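The next block holds one structure in the form of structure tokens; read it before the comments.
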């Protein structure tokens, strides 16, 4: 017991302060995460799609039987462009059939003004130069190099980052997000630039800090339970401590399990050494979607023009593929609302449920249960995000009882295997307290704030007393 108590005490100094920061920043993380560019923001920042001068592939014309990967068709500087999937693929101007040249500073500012106008950002943009990496582009600057940093003269102090080769806006921040991130996401994720820019080192630091935190919480629970004593007068179990020691002991007994589960689930969000890695049902997704061919896209590009009602509304911002059963379909994404689904002849082609059922039945694996799901279940639900309902759900009769969720509007496939279900409960469930009974707000907010206050008190009192005790030990050694 004495050895465990000493380890717990000294570990509380090394890890307790970090755990306290995790707790305090958790209050902010409930309402503001790390800044990111939302898909709706990106779509609103694009020009309305104009295909009147479309479409030419020029010398870039793969054979019709060449497998077709991901792509996007959208406007850039007044011209329709094709953005093939893959980081090395060249952006193609569909008016000239030529590859896109790197953008000049004036062109970057034109893109910024369009983005600002679409998202109702007041003030003129100004270029702050090209950044190698900074606090807000830790994971995106290098793959979007050269990354232009743009600031708007608006009351919210909006800043965006634009890929100088592709003309894509890839990050968005404002003053409120940046300030709150320094009190929320950055300490909570241990995200200072000097550490996070080295991905492998950052991952190991967070994993081992979380392991030590888990051990600290487990030993604290053990010591707290072992130190309970039976009161002679009341014959009840009670704490033998007083003052700060008493409150740390009591709060540790009440909230200690939650401290343990929170720090452990935080560890599991890092997926240490692939502990929660799995196939994810990717084989089913590949079988359901299949592979389209370049010939189908060529047929669409030759058939599409602004005369189609789905494209003539002036609200369409982007066209993306929605391959289903090895056939190319396309989604014409508006700035907001549901996108129409088109076939390769640019004609409306809504997805029929009979087609979904046929593809599911054609899989090599038998189906245990299937049908249209009108309500959320434990693995397809919205908490801090929206989900499309109804959705077609199929539970496969395989060893993992893989669940398939197919959007009946777009044909998008989401799969959840046994690893995904474990991950949902261990990571999302335990760490975010994301359980069906707590999903309604403000019930979730009230419960989480109360519990987080208790856990924070455990960490603060433990760290404070450990520091005081170690200082006392140091002074005794000097004497």
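Worth a mention:
- Filter result for residue 212 (out of contact with any strand residue (DSSP E or B) (no Cβ under 7 Å at 6 or more places or on another chain) and without any contact (Cβ under 8 Å) to a residue 24 or more places away in the chain): no
- Condition met for residue 434 (modelled with pLDDT under 90, surrounded by 15 or more Cβ atoms within 10 Å (Cβ to Cβ), within 21 Å of the chain's Cα centre (by Cα) and not in a helix (DSSP H, G or I)): yes
- Restricting attention to the stretch 394-406, the residues that are farther than 20 Å from residue 425 by Cα and surrounded by 15 or more Cβ atoms within 10 Å (Cβ to Cβ) total 4.
- Boolean, residue 413 is without any contact (Cβ under 8 Å) to a residue 24 or more places away in the chain and within 20 Å of the chain's Cα centre (by Cα): no
- Scanning the stretch 444-466 for residues being within 24 Å of the chain's Cα centre (by Cα) and modelled with pLDDT under 90 gives a total of 0.
- Positions within the stretch 99-126 being within 22 Å of residue 321 (Cα to Cα) and surrounded by fewer than 16 Cβ atoms within 10 Å (Cβ to Cβ), in sequence order: 99
- Every residue from the stretch 223-234 that is out of contact with any strand residue (DSSP E or B) (no Cβ under 8 Å at 6 or more places or on another chain) and either outside any helix (DSSP H, G or I) or surrounded by fewer than 15 Cβ atoms within 10 Å (Cβ to Cβ) (or both): 225, 226, 227, 232, 233, 234
- Test: residue 78 is loosely packed, with under 14 Cβ neighbours inside 10 Å and either under 30 Å from residue 324 (Cβ atoms) or out of contact with any strand residue (DSSP E or B) (no Cβ under 9 Å at 6 or more places or on another chain) (or both): yes
- Breaking point among (1) surrounded by 20 or more Cβ atoms within 10 Å (Cβ to Cβ); (2) modelled with pLDDT of 85 or more; (3) out of contact with any strand residue (DSSP E or B) (no Cβ under 6 Å at 6 or more places or on another chain); (4) over 30 Å from residue 269 (Cβ atoms), for residue 55: (2)
- Filter result for residue 385 (touching a strand residue (DSSP E or B) at 6+ places or on another chain (Cβ under 6 Å) and either under 20 Å from residue 290 (Cβ atoms) or in a loop (DSSP other than H, G, I, E, B) (or both)): no
- Screening the candidates 245, 189, 262 for the property of being surrounded by 15 or more Cβ atoms within 10 Å (Cβ to Cβ) and modelled with pLDDT under 85 yields one hit, 245.
- Filtered residue count, the stretch 366-388, keeping only those that are under 13 Å from residue 406 (Cβ atoms) and either at pLDDT 90 or above or loosely packed, with under 13 Cβ neighbours inside 10 Å (or both): 6
- All positions within the stretch 282-302 that are assigned to a helix (DSSP H, G or I) and within 26 Å of residue 51 (Cβ to Cβ): 289, 294, 295, 296, 297, 298, 299, 300, 301, 302
- Selection count where residues are modelled with pLDDT under 95, over 14 Å from residue 407 (Cα atoms) and either part of a loop (DSSP other than H, G, I, E, B) or over 31 Å from the mean Cα position of the chain (by Cα) (or both), scope the stretch 327-365: 16
- The set of residues in the stretch 412-427 that are out of contact with any helix residue (DSSP H, G or I) (no Cβ under 7 Å at 6 or more places or on another chain), buried (at least 18 other Cβ atoms within 10 Å of the Cβ) and more than 30 Å from residue 355 (Cβ to Cβ) contains only 423.
- Of all the criteria given as (1) at pLDDT 85 or above; (2) at negative phi, the one not satisfied by residue 290 is (2).
- Test: residue in the stretch 315-323 that is touching a strand residue (DSSP E or B) at 6+ places or on another chain (Cβ under 7 Å), modelled with pLDDT of 90 or more and part of a loop (DSSP other than H, G, I, E, B): yes
- Summed over the stretch 235-250, residues that are more than 16 Å from residue 221 (Cβ to Cβ), outside any loop (DSSP other than H, G, I, E, B) and in contact with a strand residue (DSSP E or B) (Cβ under 9 Å, 6 or more places away or on another chain) total 1.
The values are calculated or read from the model by the stated rules, or taken from the named source; none is laboratory data. Please read these numbers as outputs of a predicted model, since none were measured by experiment. Every residue, glycine among them, receives a Cβ derived from its backbone with ideal geometry; neighbour counts consider all protein chains shown.
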